[in-house]
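Working notes, structure below.
The values are calculated or read from the model by the stated rules, or taken from the named source; none is laboratory data. Not measured: the values here are computed from a predicted model. Cβ atoms come from the backbone with ideal geometry, glycine included; neighbour counts cover every protein chain shown.
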Amino acid sequence: MLDIVVRNGQVVTPEGVGAWDIGIQGERIAAVAVAGTLPGDAAEVIDARGLIVVPGGIDPHTHLAHAIMSHPEEPGITLGPEDDTRGMAYGGTTTHLDFCYVRPGTEIPQAIEQRAARWKGNSYVDYAFHVTLSGALDLRIFEQIPEAIQQGFPSFKVFTTNILPSHPKRQGNRLDFGRIGFAMEKVAPQGGLMVVHGEDEDLVQFNYERFRAEGRTDGTNLHLVHTKLSELLAFRRTVALARALGTAVYFVHTSAKEGVETIAEARAQGLPVYGETLHQYCCFNAEYYKTPRGFCSHTYPSLKFPEDQAALWDGLVRNGLSTLATDEYPTSLELKLKGRKIDDVTGGNVGAEARLGIAYSEGVVKRGMALQRFADITATNAARIFGLYPKKGVIAPGSDADLVFLDPSVRKTLAREDFHVTDYSPWEGWQVTGWPVTTMLRGRLIVDRGKLLGAPSDGRLLSRKIDPVMLRRPAC
Ligand SMILES: [Zn+2]
């Protein structure tokens, strides 16, 4: 006997989109079948009439409980998983990937252990971690990479830039290209992948210096400091290094047309290169910085220009970019708007709760994105690239019963009350058509029509292993 049958929904699977029923046993999907053909004696029937059923969303890029670097004189920390993942549950994200920072003086196993302990019992949804390699790390640390991969942590994040200037004194993020190459050497033969924040350090730091000298320090100039050219140079340099060392690369938060083009060119040559972008990069451009709440939508590198927005949408709707993420960095509105200068605007975003709804409204409704492509960019591709597939990211027999029920008939202007994390959302005032209404995590409803049923003890740490196909060629 099945525990749950979901009937009458429009179900999005890799085989197509159809009026199928979903049978669930325990935590997993047992069957996806022609409507009306599953046994009628299930313990529970969920009527999904009028709803679109998609795989639980996967946000591959979040920074929860993370040190805030924009105001070193007043150290702070972003909201933790116990707060932010409540919004994910409401918004249809059932898995997120955060980061374990390894800085000089830290060992990889210790960094993983600390983050896992911080998350345990504190996340409404499932989770995993990328390992971030940051700073002038001792070469000995790189010898710990194979073991981390074997233990289920196969993705390694690096920054090619410190992002902010070094004064006032801040902990830098950058890993030099020598060490990035060294990490690639260790990662590739073990079945791992590099996750790269690509900006050219020389250009970024020079731009800070120049803009300061010219008195152009207003934050509305951020896109002229973190430039399109900087993304182009760093992406190209990284692709060249990865090609030489035979490593797969995932570029986080692609913001410029030049980034999309570099990724497309590498993929056309058969290189295993994947691109992520963020919904605020698609929906806003640098003009928005001039508005009263403009910095709400700032994430490093920066918002860019209308031509970049068009390229990002094209990459998401058609091909070229693989995932839509958030770079989630939940803070209060006061902190988010505190900095007004190029070197103190708080980056990052509160976007996880809105991610699926915005992708549906802006992608599917406005730009004709196919529903399967919607599932790909919000869930399936992240699962495949980061080694969670087919347990996560797909509606198929044997997969975890992580489902999102999206109501395409919802039409509203998003308001503060539509959100459940911190005291603002950058999406307040945005018009949407379609919104997630119910979320299931491993066979249990965690949000049902606006009611929170889940608990912070629900989420589990996921062990990951990447399919070698993903590391050999651009496979999604
Ligand atoms: Zn990030």
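Would the range 142-154 turn up any residue that is touching a residue at least 24 places away in the same chain (Cβ under 8 Å), crowded, with 24+ Cβ neighbours inside 10 Å, touching a Leu at 6+ places or on another chain (Cβ under 8 Å) and closer than 17 Å to Cys100 by Cα?
yes
Are any residues in the range 366-410 crowded, with 18+ Cβ neighbours inside 10 Å and small (Gly, Ala, Ser), and if so, which ones?
Ala375, Ala379, Ala382, Ala383, Gly387, Gly393, Ser399, Ala401 - these are the residues of the range 366-410 that are crowded, with 18+ Cβ neighbours inside 10 Å and small (Gly, Ala, Ser).
Out of Val131, Val125, Val102, I need the residue that is of a type outside the set (Ser, Thr, Tyr), surrounded by 19 or more Cβ atoms within 10 Å (Cβ to Cβ) and farther than 21 Å from Val252 by Cα. Which one?
When all the criteria are applied, what remains is Val125.
Determine which member of the set Pro436, Pro408 is more than 21 Å from Thr95 (Cα to Cα) and either in the same structural domain as Arg49 (by TED's automatic domain parsing) or in contact (Cβ under 8 Å) with a residue 60 or more places away in the chain (or both).
Being more than 21 Å from Thr95 (Cα to Cα) and either in the same structural domain as Arg49 (by TED's automatic domain parsing) or in contact (Cβ under 8 Å) with a residue 60 or more places away in the chain (or both) holds for just one of Pro436, Pro408, which is Pro408.
May I ask you to say which residue of Ser332, Ser302, Ser399 is more than 16 Å from the ligand (Cβ to nearest atom) and in the same structural domain as Pro72 (by TED's automatic domain parsing)?
Ser332
If I go through the range 129-172 residue by residue, how many of them are of a type in the set (D, E, K, R) and closer than 14 Å to Val187 by Cβ?
Residues flagged as of a type in the set (D, E, K, R) and closer than 14 Å to Val187 by Cβ within the range 129-172 amount to 3.
For Gly368, work out the one condition from (1) in contact (Cβ under 8 Å) with a residue 60 or more places away in the chain; (2) out of contact with any Phe, Trp or Tyr (no Cβ under 9 Å at 6 or more places or on another chain) it doesn't fulfil.
(1)
Restricting the search to the range 227-256, which residues are in contact (Cβ under 8 Å) with a residue 60 or more places away in the chain, within 16 Å of the ligand (Cβ to nearest atom) and farther than 21 Å from Phe206 by Cα?
Answer for the range 227-256, where residues must be in contact (Cβ under 8 Å) with a residue 60 or more places away in the chain, within 16 Å of the ligand (Cβ to nearest atom) and farther than 21 Å from Phe206 by Cα: Tyr250, Val252, His253, Thr254.
Quick check, is Asn122 assigned to a loop (DSSP other than H, G, I, E, B) and more than 28 Å from Met440 (Cα to Cα)?
no
Search the range 265-299 for residues being part of a strand (DSSP E or B) and within 16 Å of the ligand (Cβ to nearest atom), and hand back the single one that is farthest from the chain's Cα centre (by Cα).
Tyr274
May I ask you to list the residues in the range 98-123 that are farther than 23 Å from Lys392 by Cβ, within 16 Å of the ligand (Cβ to nearest atom) and touching a residue at least 40 places away in the same chain (Cβ under 8 Å)?
Arg103
Looking at Ala382, Ala359, which one is of a type in the set (A, V, I, L, M, F, W, C), within 21 Å of Asp402 (Cα to Cα) and within 16 Å of the ligand (Cβ to nearest atom)?
On the way: Ala359 fails: within 16 Å of the ligand (Cβ to nearest atom).
Going through Ala382, Ala359 in turn, just one is of a type in the set (A, V, I, L, M, F, W, C), within 21 Å of Asp402 (Cα to Cα) and within 16 Å of the ligand (Cβ to nearest atom): Ala382.
From Leu233, Leu271, grab the single residue that is surrounded by fewer than 22 Cβ atoms within 10 Å (Cβ to Cβ), under 15 Å from Gly198 (Cα atoms) and either in contact with a Cys (Cβ under 7 Å, 6 or more places away or on another chain) or not charged (D, E, K, R) (or both).
Leu233
Could you list, in sequence order, the residues of the range 174-215 that are in contact (Cβ under 8 Å) with a residue 60 or more places away in the chain and assigned to a loop (DSSP other than H, G, I, E, B)?
Gly191, Gly192, Gly198, Glu199
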